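Worksheet for the structure shown next.
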């Protein structure tokens, strides 16, 4: 059975994107992140299932610090042949 990454998108404080990227690059492959829509301040994250709880704890900390505004788990857009638009639900 193939294992695929869990997929999240996050609305971020755009002026803090460099910090968010640095944290994830420094955390020993906790998640792969990249910008998917700079204009709407969206990042996407690919997270292995065994590190998902650690990832979510870090996301809580980043939200508390004002770096991330909100995030949402979505279907992995690379596995879906008709993906949803890259938007977040209103929280």
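Throughout, read-outs are computed from the coordinates displayed, never taken from laboratory work. Here the structure is a predicted model, which is why all the values come from computation and not from measurement. Note: ideal-geometry Cβ built from the backbone for every residue, glycine included; neighbour counts use all protein chains shown.
Before moving on, here are some points about what is shown:
- Remark: pairs (first residue in region 14-41, at positive phi and free of Cβ contacts under 8 Å to residues at least 40 places away in the same chain; second residue surrounded by 14 or more Cβ atoms within 10 Å (Cβ to Cβ) and assigned to a strand (DSSP E or B); Cβ separation under 6 Å; 6+ apart in sequence or on different chains) = 41/11; 41/12.
- Within region 19-44, considering residues that are part of a loop (DSSP other than H, G, I, E, B) and over 10 Å from the mean Cα position of the chain (by Cα), the one nearest to residue 7 (Cα to Cα): 30
- Complete set of residues in region 45-60 that are assigned to a helix (DSSP H, G or I) and either surrounded by 13 or more Cβ atoms within 10 Å (Cβ to Cβ) or touching a residue at least 40 places away in the same chain (Cβ under 8 Å) (or both): 49, 51, 52, 54, 55, 56, 58, 59
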